[in-house]
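Undergrad: Shown below is the structure under consideration.
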Amino acid sequence: MQQNGGNVLSADKKTFTVNSAANVAALQFMVDRVLKSNVMPTAKQFGGMGDWDMFKAGKLGMIVTGIWAFSDFAKNITDFEWDIAVEPGNTAKATHFFSNGIVVNKDTKVADAAFQWVRFACSSKEAAQIRIDASWELPPVTYPEVLAGYLKITPPAHRQVVFDTLSYLVTPPVIEQLTEMSDIIGAELTAAATGAKTPQQALDDAQKALEEKIKLS
Amino acid sequence: MTSRSYQRGFRMALPFLLPSLAGMLLFSVIPIVVAIFLGFTEWNGLSKINLTSGFFPMIVDQWVGLKNYGQILGDKEFWRVLGNTGYYIVLYVPSILIASTIVAMILNSGRKMIGLYRILYYIPVLTSWVAGALIWKWVLSPDLGAMNNILSLIGIHGPAWLQDKTWAMPGIVLASIWKDAGFFGLILLGGLQGIDPTYSEAAGIDGANRLQKLFRITIPLLTPVLFFILVITLINSFQLFPQVMIMTTDAGPNGATQSMVERIYKYAFKYFKMGYASSFAWLLFLIIFFFTSIQMKMQDKWVNYDA
């Protein structure tokens, strides 16, 4: 959506804008890649296989995923070379981003110890190195020598792209019913991708269902 | 039994019953009663409640009356899910009755290595749904799966099964029949072996052929067992869940395999609408109760308890 100038919510976060013209155009573009040019597989062509497995098997040319895929791909893809790039976008670049948070219970009896542990997990050099070594997520603090080691690892050859994408971050809306909202939109996107509904119908129905079921405070 | 001896017998039995009664109270009766109250609230399942002290204040605090029930019944999702469940029942119940009758007749035929057949038919029953559903997910894979490969041998181009909204539910039904036929076949086998063979011999002397014996003697005498299976399969069908969750992630293309329990699970543990999910669960109970009551009323017309 945001790569085409659209969004899920209005700027004041008080109304849904799922069926905006920009979003419909973005979905039409994506659906056409599946149903018209078929450069993206249909659900039948996936045949129940996950997109990771299809990519590793050499049956998908491109995949949208995250840095947590690196270690699996590096280990299991041996018969072709692969690399990463920032998603091109249409009117703007936009890269999906999420982060993990650590919280301390307000009623804890060991608040100091909990804080010490949180500080270690979030900001120490040792924890940053553990995160880098696990190749699952990036630490929230910058230790140049730790990150330098990360950038040297190949594949992917252009690992610097991981940091380039940070210039185009978009985050999901922070609402209490996020999972339900995602399922409502996801179901309608599937309906469009299978041809059961036009993109306009699917997003109109999503908009209606979201307005009925999701509270925006 | 006199009232006094009954009371003495009850007192003697009580200590032996207590472990089961405690489990039933803790894991069935209390949750059922709590769910009645939760169905009238918008509790999210996350805020702390204490059954002994803070439960009723929480109920009062989060009370929404019949709002959940109104929303569920007014949402087309409920009727679509009920339709999906009805579609499953229409396909599954007759199929499982036929399949388990065939299994029972094979197991009752007295052929060689019958013990081995009994084990083979019962293995799916012992297999966990997770393992079974993953196997069937592969079996029904459009290009790589065994089912479409077998169909192609006789010139049939199989559908995309779990990725096709028309064929997703029949795919779930196939897996369910594979899983349940051995269990119900074994129950029917018990029924078949309880039929006195002299009925069949007498009919043979009177000139009845095999089909006449089957439809005039065997099946009428099996009706109590068939009735039991019909009641159980209908209840199980309304509770359709694990195969849907595993075989069709997010309940199939365009929600084609969404079921009542799948919705209850998602509302309770994914969307954290525990009050709404409790209302959904109680509606499911009322639906099952309604259909089971009809079955119980109708049994007089076709179930034969005389033999």
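Undergrad: Would you please give the residues with an amide H less than 5 Å from that of B:Thr41, counting only those at least 5 places away or on a separate chain, with H modeled from the backbone geometry?
TA: Amide H neighbours of B:Thr41, under 5 Å, 5+ apart: B:Val64.
Undergrad: Report the paramagnetic label zone for A:Asp72: residues of segment A:34-59 whose backbone N is under 11 Å from a point 7 Å from Cα along the Cα-to-Cβ axis.
TA: Those under the cut-off are A:50-56.
Undergrad: Need one number: nm distance between label points at B:Phe290 and B:Val231, each 7 Å from Cα along Cα→Cβ, rounded to one decimal.
TA: Spacing of the two 7 Å Cα→Cβ label points: 2.0 nm.
Undergrad: Net charge around A:Lys197, counting only other residues with Cβ within less than 10 Å of its Cβ (Lys, Arg = +1; Asp, Glu = -1)?
TA: Charge balance in the 10 Å sphere: -3.
Undergrad: How large is the helix-only mean residue ellipticity at 222 nm for the protein assembly as shown, computed as the sum of -39500 (n - 2.57) over DSSP H runs with n ≥ 4, divided by its residue count, in deg cm²/dmol to the nearest 500?
TA: It lands at -19000 deg cm²/dmol.
Undergrad: So between B:Ile119 and B:Lys67, what do we pick up on full extension, going 0.36 nm a residue minus the alpha carbon distance?
TA: Numbers: separation 52, 0.36 × 52 = 18.72 nm, distance 5.06 nm.
Full extension of this stretch gives 13.7 nm more.
Undergrad: Turning to a different aspect of this structure: Within a 10 angstrom radius of each residue's Cβ in A:38-51, how many Cβ atoms of other chains show up on average? Whole number is fine.
TA: 4
Undergrad: In debye, nearest 20: dipole of segment B:1-97 around its Cα centre with unit charges on the Cβ of K, R (+) and D, E (-)?
TA: Values: 7 positive and 4 negative charges, 100 e Å.
Here segment B:1-97 has a charge dipole of around 480 debye.
Undergrad: Hey, another quick one. With +1 on each Lys and Arg Cβ and -1 on each Asp and Glu Cβ, how big is the dipole of chain B about its Cα centre, in debye rounded to the nearest 20?
TA: 420
Undergrad: While we're here: If contacts are Cα pairs under 8 angstrom and at least 6 residues apart, what is the relative contact order of chain B in percent?
TA: RCO, chain B: 27 percent.
Undergrad: A further question follows. Given the options A:Val118, A:Val39, A:Val110, state which has the largest fluctuation in a GNM of chain A using a 10 Å cut-off (strictly under) for Cα springs.
TA: A:Val110
Undergrad: Taking 51 Å as R0, compute the FRET efficiency from the Cβ-Cβ separation of A:Asp204 and B:Asn304 and round it to 0.05.
TA: Numbers: r = 56 Å, r/R0 = 1.10.
In this case the efficiency is close to 0.35.
Undergrad: With a sphere of radius 14 Å drawn around the Cβ of A:Asn38, what net charge do the other residues whose Cβ falls strictly inside it have (Lys, Arg +1; Asp, Glu -1)? If you can, show how the numbers build up before the last one.
TA: Details: positive: A:Arg33, A:Lys36, A:Lys44, A:Lys59; negative: A:Asp32.
Counting the neighbours of A:Asn38, the net charge comes to +3.
Undergrad: Mean Kyte-Doolittle of at least 0.5 and a Cα length of 24 Å or more along the axis: which whole DSSP H helices of chain B meet both?
TA: Details: long enough: B:3-24 (28 Å, 0.16); B:76-107 (45 Å, 1.16); B:168-193 (37 Å, 1.28); B:219-238 (28 Å, 2.25); B:274-302 (41 Å, 0.80).
Qualifying helices, which must be both long enough and hydrophobic enough, are B:76-107, B:168-193, B:219-238, B:274-302.
Undergrad: Using θ = phi - 60° and the Karplus relation 6.51 cos²θ - 1.76 cosθ + 1.60, list the HN-Hα couplings for segment A:175-181 in order, rounded to whole Hz, with x at every Gly or Pro.
TA: Once θ is set to phi - 60°, the couplings for segment A:175-181 become 9, 5, 9, 4, 5, 5, 4 Hz.
Undergrad: Positive end of the charge dipole of chain B (Lys, Arg +1 and Asp, Glu -1 on Cβ, about the Cα centre): tell me which of B:Tyr88, B:Pro220, B:Asn209 has its Cα farthest that way.
TA: Result: B:Pro220.
Undergrad: While we're on this one: Where does the charge balance sit around A:Lys93 when Lys and Arg score +1, Asp and Glu -1, over other residues with C-beta under 14 Å from its C-beta?
TA: Around A:Lys93, the surrounding residues sum to -2.
Undergrad: Still on this structure, I have one more. Estimate the FRET efficiency between A:Ile153 and A:Asp12 by the formula 1/(1 + (r/R0)^6), using the beta-carbon distance for r and 35 Å for R0, to the nearest 0.05.
TA: 0.25
Undergrad: Follow-up. State the Kirkwood hydrodynamic radius of the protein assembly as shown in Å, one decimal place, computed from all pairs of distinct Cα atoms. Walk me through the numbers on the way to the answer.
TA: Values: mean 1/r = 0.0354 Å⁻¹.
After inverting the mean inverse Cα-Cα distance, the result is 28.3 Å.
Quick note: the coordinates plus some simple rules give every number you see, no bench work behind them. Because the structure is predicted, anything quoted here is derived from the model rather than measured. In this analysis, Cβ positions are derived from the backbone assuming ideal geometry, glycine residues included, and neighbour counts consider all displayed protein chains.
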